[in-house]
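Notes for the one structure printed next.
The values are calculated or read from the model by the stated rules, or taken from the named source; none is laboratory data. Just so we're clear, the structure is a prediction, and the values are computed from it rather than from any experiment. Note: ideal-geometry Cβ built from the backbone for every residue, glycine included; neighbour counts use all protein chains shown.
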Amino acid sequence: MSGTDASLTISVVICVYTEDRWKDILAAVSSVRAQSHPARETLLVVDHNEILRERLLKEYGEGRGGRGGRVLANAGPRGLSAGRNTGIAASRGEVIAFLDDDAVAERDWLRHLAEGYTDPAVVAVGGRTVPVWASGRRPDWFPEEFDWVVGCSYRGLPPGRARVRNVLGGNASFRREAFDAAGGFATGIGRDGDRRPLGCEETELCIRLSRARPDAVLLMDDRAVIHHRVPEAREHFGYFRTRAYAEGLSKALVARSVGAGRGLESERRYATRVLPYGVVRGLRDAVLARPGGAGRAGAIVAGVLTAAGGYLVGSVRARRDGATFCPAPVGEGAHG
């Protein structure tokens, strides 16, 4: 696979929910407007916040492109999954890309995503998400193996351009027909703005897509880079534990939906190979008196145990209550 189809049209969906990220939202839209492979459109999907929607309409016009984006209201229940489904339904591009509302894309982000689609078998392409720490530097104790805690790419992902089980939702793209084949993102998984910070909605969708299209190829290209802001509140161990526990709960829902074999396939390698090496590396750094080595080793162990506890609790709840999520058809209405 080489080169880029310059005619490939890409719609970019940015889901937003709070005025606290106003400057971040404007920066995200500006980064999309500056792409070397121009986006066909940018869709800002507002999650049940009329004040924010009105403010964005004033900033970008009446939802017809304006100075950067179309502004839509989430047409489904509160949450990221329904917001993304609203964007998919309203979009007009051959490919739909998703960008976090507190991230900025490098200039060639869409160009590198588009290169993957020169192979017709490819149905999804994701990129690399780099953390931008509010304090100016990574906390010494925070292991790179757990950067998924703050919504970023983590140590253990394959380098370069590689085939993967699932892309990561904050920096991902899909052919439109992927949603025709598998449906949209499942509601009941992932963040809803108020609850515990759940996730894995893109994992569940990608596994479901691979079941619907066994020949489908999903890629990760680490040249497609975005920079994701990590607020100060997420640099603390308390958030680390909360997010790890929520990931365990989310993985239990995914396993309930698609089976533990596929739902935990990548996680087994991560837990048995990547994380033990991380502990050894941290202990080695501690022996060499490098800052944070013991803390990183301890954080990995604590993260594994916390996520495992969340998975066990989530599994019991899932068996007791049944699945609470529903893949949405992508044609469900969106409105501006």
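Structure summary
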| quantity | calculated |
| --- | --- |
| Those residues of segment 112-130 which are surrounded by fewer than 24 Cβ atoms within 10 Å (Cβ to Cβ) and either under 25 Å from G248 (Cα atoms) or in contact with a Cys (Cβ under 6 Å, 6 or more places away or on another chain) (or both), in sequence order | R128, V130 |
| Residues located in segment 111-126, provided they are more than 16 Å from A34 (Cβ to Cβ) and touching a residue at least 12 places away in the same chain (Cβ under 8 Å) | E115, G116, Y117, T118, D119, A121, V122, V123, A124, V125, G126 |
| Members of segment 1-37 that are without any contact (Cβ under 8 Å) to a residue 24 or more places away in the chain and either within 16 Å of G69 (Cβ to Cβ) or among the aliphatic types (A, V, I, L, M) (or both) | K23 |
| Residue list for segment 159-190, restricted to those being of a type in the set (F, W, Y) and outside any loop (DSSP other than H, G, I, E, B) | F174, F179 |
| Qualifying position, being among the hydrophobic types (A, V, I, L, M, F, W, C), out of contact with any helix residue (DSSP H, G or I) (no Cβ under 7 Å at 6 or more places or on another chain) and either free of Cβ contacts under 8 Å to residues at least 60 places away in the same chain or surrounded by 22 or more Cβ atoms within 10 Å (Cβ to Cβ) (or both), among L57, L99 | L57 |
| Residue match in segment 48-56 (condition: of a type in the set (V, I, T), closer than 20 Å to C152 by Cβ and modelled with pLDDT of 95 or more) | no |
| Criterion: under 16 Å from F185 (Cβ atoms), surrounded by fewer than 24 Cβ atoms within 10 Å (Cβ to Cβ) and not aliphatic (A, V, I, L, M) - qualifying residue of G87, G76, G93 | G76 |
| Positions within segment 127-158 being over 13 Å from H228 (Cβ atoms) and outside any loop (DSSP other than H, G, I, E, B), in sequence order | E144, E145, F146, R155, L157 |
| Hits in segment 127-151 - residues which are at positive phi and over 20 Å from the mean Cα position of the chain (by Cα) | G136 |
| Filtered residue count, segment 282-310, keeping only those that are farther than 16 Å from P139 by Cα and surrounded by 18 or more Cβ atoms within 10 Å (Cβ to Cβ) | 4 |
| Filter pass, G87 being touching a Phe, Trp or Tyr at 6+ places or on another chain (Cβ under 9 Å) and not in a loop (DSSP other than H, G, I, E, B) | yes |
| Failed item in (1) touching a Lys or Arg at 6+ places or on another chain (Cβ under 6 Å); (2) among the polar types (S, T, N, Q); (3) part of a helix (DSSP H, G or I), with S36 passing the rest | (3) |
| Residue check for V130: among the aliphatic types (A, V, I, L, M), in contact (Cβ under 8 Å) with a residue 60 or more places away in the chain and closer than 30 Å to A286 by Cα | yes |
| Any helices (runs of 4 or more DSSP H) falling wholly within segment 220-336 and containing at least 1 residues that are closer than 27 Å to D100 by Cβ, polar (S, T, N, Q) and modelled with pLDDT under 85 | 237-258, 265-269 |
| From W133, W109, W141, residue being crowded, with 16+ Cβ neighbours inside 10 Å, under 27 Å from R213 (Cα atoms), at pLDDT 95 or above and not basic (K, R) | W109 |
| Check on S153, touching a strand residue (DSSP E or B) at 6+ places or on another chain (Cβ under 8 Å), of a type in the set (S, T, Y) and buried (at least 24 other Cβ atoms within 10 Å of the Cβ) | no |
| Only listed residue being under 15 Å from R176 (Cα atoms) and within 17 Å of the chain's Cα centre (by Cα), chosen from A103, A124 | A124 |
